[in-house]
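These notes concern the structure reproduced below.
No value in this document is a laboratory result; all are computed from the given coordinates. Quick caveat: nothing in here was measured; it's all calculated off a predicted structure. Positions of Cβ are backbone-derived with ideal geometry, glycine not excepted, and every protein chain shown enters the neighbour counts.
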Ligand code: BES
Ligand code: ZN
């Protein structure tokens, strides 16, 4: 009996296997070209909607099912070309019934592999049957030990910049906007969430339906599944998190409704219905990701004192700059991030006051100057706002330039025209380009035409956008609070004593600024004292920890080593890992430590962080 079953199973398997290998191939492949990091032929065929049917398999670490793409093929193109990478394509059907001829192009390292599908004149629906691979870069599968609750697995996707193609075959380029819907099936113990209409409670079937009725670019598609619960903050905002984190997260983000109100007052109505935040496990590689309706956030911003909530202002601001008005290519990335950092700062000012907002912005400018110094040596071209990412990974363009130089450019324009006029411009810009994508050149043209009412004001747009470095017209952000800290740091450095240190009114940002102004050699002998007095190594504030540990490494203050190691094992946020590993590899002893820790920690890092750290370790010339 068993033998018979095995034989039948083998035959069934072979039939399916042979059938899937013998699908009709494309007779003559069209020439495949990469434009804006995509193989897709979005200039010829319009993608309007994607309907996903996916099953989440935690044991195998795969998603499997189909993506049904609605297309408009008005130019009667013979092919649909989609982006894929690390996907197992099983079959392709046209309009629910006809098997299509299809072929995959050559695998290429950054942009992946084109999926070419032969179309008929009347094709309106293309169903791609596929499964993801366990190592798909967009998907992080977490063991129970990597979660807070330690009992259940967890998964989340991160599609930006060009990783959506590793979990959905699509036109993976921000120039293309489409609506999406999804039917997701998972173990009924877990709740799936998407950047779409969400369910707040799990049901007994494990099947959930999602809709994103507004057109979005592929990099905003997102899915997370785990033991997740919800707490409302107002009738259109709330927090999702593992139950162990939910109360803390809701406390930390309690001012979210105020932020949403402030943002809408500045630049127009919030366009997406709800705004919820999902707090992820610590291995999330970013601070936050502006997935529409559902921001993904690192738990490392939950400091207990709301001192790091500007991250929420940032992701919320993307609901306008980025999600509503989107950079057309990754070379125009500053249109997303520069506008967002400016907008973030305006939200912080509206909610927490000018002095605090200035302090945050001035800290960021400090970081920008540091980045400029390095980039002017290593790749000055990357200090331009408009990037050149030809044959490069868009990830290479993610730096303080797009973020902070971009924001300072807008502060410069604000200073020339005055806040009222500049805010009118921004309102007009968001309303004119909403649901569309914009290039840098279109921004310039729109700006010039809108501002032609003030012909006497002549902003130097080209210098800011197309030249390297920071123009001399960059406004100075003065923060009295930070100046006070600088004076203290100076005294500490010269006196080689902590006498001048007065932390009575210190916030997280004061500490960061202090650490950044202490000179390694001058304070070597003060490290232990500082640590003892302020309990810094054992701090639970992720930002303070990162900057303090940097100082510890530079001063060979090894008493902090166990804390540093624990931090590098637990936290997966690239922003923290990157500078710490970089600082470690500067000396032979440090490099040895770095390698040791990385070998233990890398399995817990997201691919995005792991790749960056691997590069740092490989690049270091220290023996
Ligand atoms: N959209 C970005 C994250 C991103 C950028 C992911 C490029 C992949 C490629 C997000 O809005 C962001 O900027 N996050 C920052 C936090 C922010 C407060 C500066 C981060 O993750 O550190
Ligand atoms: Zn951002």
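Structure summary
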{"item": "Filtered residues of the range 49-67 (kept if in a strand (DSSP E or B) and over 14 Å from residue 89 (Cβ atoms))", "result": "49, 50, 51, 52, 53, 54, 55, 56, 57"}
{"item": "Qualifying residue in the range 352-369 (condition: in a helix (DSSP H, G or I) and closer than 20 Å to residue 430 by Cα)", "result": "no"}
{"item": "The range 421-446: number of residues that are over 21 Å from residue 330 (Cβ atoms) and without any contact (Cβ under 8 Å) to a residue 24 or more places away in the chain", "result": "4"}
{"item": "Of all residues making up the range 392-436, the number that are within 25 Å of residue 612 (Cα to Cα) and either over 22 Å from the mean Cα position of the chain (by Cα) or within 16 Å of ligand 2 (Cβ to nearest atom) (or both)", "result": "12"}
{"item": "Qualifying position, being over 33 Å from the mean Cα position of the chain (by Cα), in contact (Cβ under 8 Å) with a residue 12 or more places away in the chain and outside any loop (DSSP other than H, G, I, E, B), among 591, 524, 532", "result": "524"}
{"item": "Residue among 270, 342 that alone is crowded, with 21+ Cβ neighbours inside 10 Å, on the phi < 0 side of the Ramachandran plot, touching a residue at least 24 places away in the same chain (Cβ under 8 Å) and away from ligand 1 (no atom under 11 Å from the Cβ)", "result": "342"}
{"item": "Enumeration of residues in the range 451-472 that are in a helix (DSSP H, G or I) and under 27 Å from residue 397 (Cβ atoms)", "result": "461, 462, 463, 464, 465, 466"}
{"item": "Residue 338 vs. criteria away from ligand 2 (no atom under 16 Å from the Cβ) and either more than 20 Å from the chain's Cα centre (by Cα) or over 26 Å from residue 518 (Cβ atoms) (or both)", "result": "no"}
{"item": "Unique match (being away from ligand 2 (no atom under 16 Å from the Cβ), farther than 24 Å from residue 306 by Cβ and surrounded by fewer than 19 Cβ atoms within 10 Å (Cβ to Cβ)) among 594, 560, 618, 601", "result": "618"}
{"item": "Filter result for the condition that a residue is on the phi > 0 side of the Ramachandran plot and outside any strand (DSSP E or B), over 135, 96", "result": "96"}
{"item": "Qualifying residues in the range 287-305 (those that are more than 24 Å from residue 151 (Cα to Cα) and within 10 Å of ligand 1 (Cβ to nearest atom)) - the one surrounded by the most Cβ atoms within 10 Å (Cβ to Cβ)", "result": "291"}
{"item": "The listed residue being touching a strand residue (DSSP E or B) at 6+ places or on another chain (Cβ under 8 Å), within 16 Å of ligand 2 (Cβ to nearest atom) and closer than 30 Å to residue 191 by Cβ, out of 323, 327", "result": "323"}
{"item": "Filtered residues of the range 27-48 (kept if assigned to a loop (DSSP other than H, G, I, E, B) and within 22 Å of residue 161 (Cβ to Cβ))", "result": "32, 33, 34, 36, 37, 39, 40, 41, 42, 43"}
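Per-residue answers, yes or no, for (1) more than 29 Å from residue 110 (Cβ to Cβ); (2) more than 16 Å from ligand 2 (Cβ to nearest atom); (3) in a helix (DSSP H, G or I):
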{"site": "233", "(1), (2), (3)": "yes, yes, no"}
{"site": "265", "(1), (2), (3)": "yes, yes, yes"}
{"site": "308", "(1), (2), (3)": "yes, no, no"}
{"site": "311", "(1), (2), (3)": "no, no, yes"}
{"site": "334", "(1), (2), (3)": "no, no, yes"}
